[in-house]
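The values are calculated or read from the model by the stated rules, or taken from the named source; none is laboratory data. Remember, predicted model here, so these are calculated numbers, not experimental data. Methodologically, a virtual Cβ is constructed for each residue, glycine included, from the backbone with ideal geometry; neighbour enumeration extends over all protein chains shown. The accessibility values were calculated without ligands, DNA or RNA, using every heavy atom of the protein model including side chains. Shrake-Rupley method; radii C 1.70, N 1.55, O 1.52, S 1.80 Å.
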Amino acid sequence: MSRAALLVLADGRFPAGGHAHSGGAEPAVAEGRVQDADSLAAFCRGRLHTAGLTAAALAAAAAHGLDPLALDEAADARTPSPALRATARKLGRQMVRAARATWPSPELDALAAARPRGAHQPVVLGLTARSAGLGPEDAAHCVAYETVSAPATAIVRLLSLDPFHATAVLARLAPELDRVAEQAAEAARQGIDALPAASAPLLDITAEAHATWPVRLFAS
């Protein structure tokens, strides 16, 4: 395992398009559910233990070597919102491009050929981690961190929240990130049928509403 590769993959500046997405934070701000650092922490914690756990397990399973096409179907089944499915595939398509340029592999090439419109982003991230010589735990940690860092970064822009406070939220969530990543990696070792399907209905509902906004700062 290369720690440098893990840092590159987890870096928010990795050109996979994540900076354009708020992870549901934009509609949460509009509805008044996120107003400050404390409500941001509650939002991130809820997202981490539901959508984050599910996505981290998919990524860990792909890094473990499970069939990425079967995992892509499993991701579809775990994503009831059409808007979120479209977002996941758009981000997956962008990540495939970045990953093939960074860590070329026959597995990434095969996935790109089989899913020209994009596979779900967590599946692509897990396969990217595998191509970079990383393991299931590494992939799960990347996704778990992304699950909370995207909303935290977005809230700084949406509310002009002090970035020190946003970073402190992420730091306080670190032990929970570790536990979610470990849980996801353990599930991945047991096969696709054992992968969690934790749901976040409010994220699904607000994603559908957000997709209809005529003006928005973030793509999702």
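Summary table below
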| read-out | value |
| --- | --- |
| Rg/Rh (Cα only; Kirkwood hydrodynamic radius) as it applies to the range 1-126 | 0.99 |
| Cα-based helix-to-principal-axis angle, 163-172 vs the chain, degrees rounded to 10 | 60 |
| Dipole-positive endmost among 200, 53, 123 within the chain (Cβ charges, Cα centre) | 123 |
| Protein accessible area in the chain, 1.4 Å probe - carbon and sulfur % | 56 |
| Residues residue 205 and residue 2, FRET efficiency given R0 of 35 Å [Cβ-Cβ distance, rounded to 0.05] | 0.30 |
| Highest-MSF residue in the chain out of 14, 43, 164 [GNM, Cα springs under 10 Å] | 164 |
| GNM flexibility winner over the chain from 27, 201, 136 (Cα, springs under 10 Å) | 201 |
| Relative contact order [Cα under 8 Å, 6+ residues apart], the range 1-102, whole percent | 38 |
| Helix-derived mean residue ellipticity, 222 nm - over the chain, DSSP H n ≥ 4, -39500 (n - 2.57), to 500 | -21000 deg cm²/dmol |
| For the chain, built as a Gaussian network whose Cα springs stay under 10 Å, the top-fluctuating residue of 13, 78, 179 | 13 |
| Evaluated at q = 0.16 Å⁻¹: base-10 log I(q)/I(0), Debye formula over Cα of the range 125-220 | -0.89 |
| Largest-first principal axis extents of the Cα set of the chain (Å) | 45, 35, 32 |
| Distance from the range 143-200 to the range 12-77 (C-alpha centre basis), Å | 7 |
| Over the chain, relative contact order from alpha-carbon pairs under 8 Å, at least 6 apart, % | 37 |
| Rounded accessible area per residue of the chain, 1.4 Å, Å² | 46 |
| Separation of the residue 193 and residue 165 label points, Cα + 7 Å toward Cβ, nm | 4.9 |
